[in-house]
Protein chains: 2
Amino acid sequence: MCATVRNPHTPAGARILDTASALFYERGIRAVGVDLIADEAGTTKKTLYDRFGSKDELVAAYLARRAERWIAFLTDYLAEHAPEPGPQRVLAVMDALKERMSGQDRGCAFVNAFAELGGTDHPGNAVIREDKHYMRSLFIRLVGEAGIPDPAAVGAHAHLLYEGAIVARTAGGLEGAYDEARAAMARLLAA
Amino acid sequence: MCATVRNPHTPAGARILDTASALFYERGIRAVGVDLIADEAGTTKKTLYDRFGSKDELVAAYLARRAERWIAFLTDYLAEHAPEPGPQRVLAVMDALKERMSGQDRGCAFVNAFAELGGTDHPGNAVIREDKHYMRSLFIRLVGEAGIPDPAAVGAHAHLLYEGAIVARTAGGLEGAYDEARAAMARLLAA
DNA sequence: CTGCGAGTATACAGACCGGTATGGTTATGT
DNA sequence: ACATAACCATACCGGTCTGTATACTCGCAG
């Protein structure tokens, strides 16, 4: 029963998802074939298709897990470094981002995926939008909890700085982008 | 003589570049094959390779011309709508962006290209960085000419809002992103 | 009139793509 | 003891990928 939905939570399935995630992020989705993924994961294409059904669904699983892990990291980071509401808690999101992205120069996985999948009916597109909307509403919530007026607008502005920083740092190669975005955010919150 | 450098400025060469540009932007670089480009341009692969040498060089030509045209559009827009230095001239960049991107929901061509080419030695990568650096220094210059203190920092902040707006609007599907970025920019310039 | 650049048309090479088929092995739980 | 899930190994399918080869036509400038 349940022929369409597979269970990827097996040792080989985990290896496949780990390998695919690294390769997709590092080289791009279309640049990585299923043969390579199976090879690098020390398994076979048969197992890959038994676990995930198709490359598209594997891509969607990659994006979904990446979003899940980033949110978990961010939540933990905020709880530890900025547990109290206030402007510092908003700025701590940028600190978390900077720490998370250190050593990763391939930018935002969701923006990159959008570049390859956008405009199609690929199952990954829903995950991409979901991530952006989550970050947007997180900023709005944090700004509101900080007692800053007009949190919908100011939170949106903070979110734009967050997104812009990732692009500027990676595609633009501008090394100070995360610090700049944090400074701009502080300025906006104080205005 | 001059075997490596071809001259793409011929009728068929122009058709190929036009067709390739539209397809690359709309569907992504790796998703579009040279056969399709030649077909849609009403010519042959032979001619494509005679004019551009390789797909990689055609991609680089696509990016270079896109940057060139955007800068020309932006320069004209500023000269017409905000000829005098001042904060309004900085904000006019966002107006130009909004007008330019109306009807185009596939985001920044350079960010998209970075998603597919980043981390390689593809000739297009230089064009990508060049564009981001141009926009960065343009913002710094405009902010400086407006007489605003610390133009290096404030210009950088404006640039981050600019980049973030494109991502939020396209990958994130957030329709008000350009207006939000303009408002945030005004707020920053006034602070 | 002749040489050349530009273009058309078609076929091919060699690799890689996503996906399927067949068949055998091992571990586990009933 | 027997089914089942998970896995490995290998071969294959039709299609597409970038890039090259061959051979022809046309217009133009020296």
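Taking 16 Å as the straight-line reach from the Cα of B:LYS55, the lysines in range (excluding those fewer than 8 positions away in the same chain) are B:LYS45, B:LYS46.
Using only DSSP helix segments of four residues or longer, with each worth -39500 (n - 2.57), what per-residue ellipticity at 222 nm results for chain B after dividing by its residue count and rounding to 500? Numbers along the way, then the final one.
Working: 9 runs with 139 residues, N = 191.
Calculated at 222 nm, the ellipticity per residue is -24000 deg cm²/dmol.
Treating each Cα of the protein assembly as shown as an identical point scatterer and summing with the Debye formula, the log10 of I(q)/I(0) at q = 0.13 Å⁻¹ comes to -1.10.
Quick check for me: using +1 on Lys/Arg Cβ and -1 on Asp/Glu Cβ, what's the dipole size of region A:1-117 about its Cα centre, in debye to the nearest 20? Kindly include the intermediate steps, with their values, before the conclusion.
On the way: 15 positive and 16 negative charges, 63 e Å.
Value, rounded to 20: 300 debye.
Here the spin labels are modelled as points 7 Å beyond Cα on the Cα-Cβ line, and at B:GLU68 and B:ARG6 they lie 1.7 nm apart. For region B:60-190, what D do you get in µm² per second when you plug the Kirkwood radius from alpha-carbon pairs into Stokes-Einstein at 4 °C and 1.567 mPa s? Translational D for this selection: 86 µm²/s.
Placing a label point 7 Å from the Cα of A:ARG27 along the Cα-to-Cβ direction, the residues of region B:18-38 with a backbone N closer than 15 Å are B:30.
Around B:SER54, what is the net charge, scoring Lys/Arg as +1 and Asp/Glu as -1 over all other residues with Cβ under 15 Å from its Cβ? Spell out each step's value before the answer.
Working: positive: B:ARG6, B:ARG30, B:LYS45, B:LYS46, B:ARG51, B:LYS55; negative: B:ASP35, B:ASP50, B:ASP56, B:GLU57, B:ASP121.
Neighbourhood net charge equals +1.
The calculated FRET efficiency for B:GLU84 paired with A:ALA152, based on their beta-carbon distance and R0 = 45 Å, is about 0.85. Per residue of A:117-125, other chain Cβ atoms within 10 Å of the residue Cβ number 3 on average. In chain B, Cα pairs under 8 Å separated by at least six residues give a relative contact order of 19 percent.
Three semi-axes describe the equivalent ellipsoid of region B:1-53; taken as square roots of 5 times the Cα gyration tensor eigenvalues and ordered largest first, they are 20, 11, 10 Å.
Taking other Cβ within 10 Å of each residue's Cβ, how do B:HIS133, A:HIS9 sort, fewest first?
Starting with the residue having the fewest Cβ neighbours, the order is A:HIS9, B:HIS133.
If you take the beta carbon distance between A:ARG187 and B:GLN104 as r and set R0 to 25 Å, what does 1/(1 + (r/R0)^6) give as a FRET efficiency, to the nearest 0.05?
Values: r = 31 Å, r/R0 = 1.23.
E between A:ARG187 and B:GLN104, to the nearest 0.05, is 0.20.
Here is how far apart the A:GLU84 label points are across copies: 4.8 nm, shortest first, using a point 7 Å from Cα toward Cβ. Both the radius of gyration and Dmax for region B:44-110 are 16.4, 52 Å, in that order, over alpha-carbon atoms. Ranking of A:ARG30, A:ARG136 by neighbouring Cβ atoms within 10 Å, starting from the fewest: A:ARG30, A:ARG136. List the GluC sites (Glu not before Pro) in region B:112-191 that DSSP assigns to loop (not H, G, I, E or B) and whose Cβ has at most 11 other Cβ atoms within 10 Å. Which are they? Filter output for region B:112-191: B:GLU175.
Just so you know, all these numbers are worked out from the coordinates, no wet-lab data involved. This structure is a prediction, so every number in the text was calculated from the model and none was measured. Please note: Cβ atoms are built from the backbone with ideal geometry, for glycine as well, and neighbour counts cover all protein chains shown.
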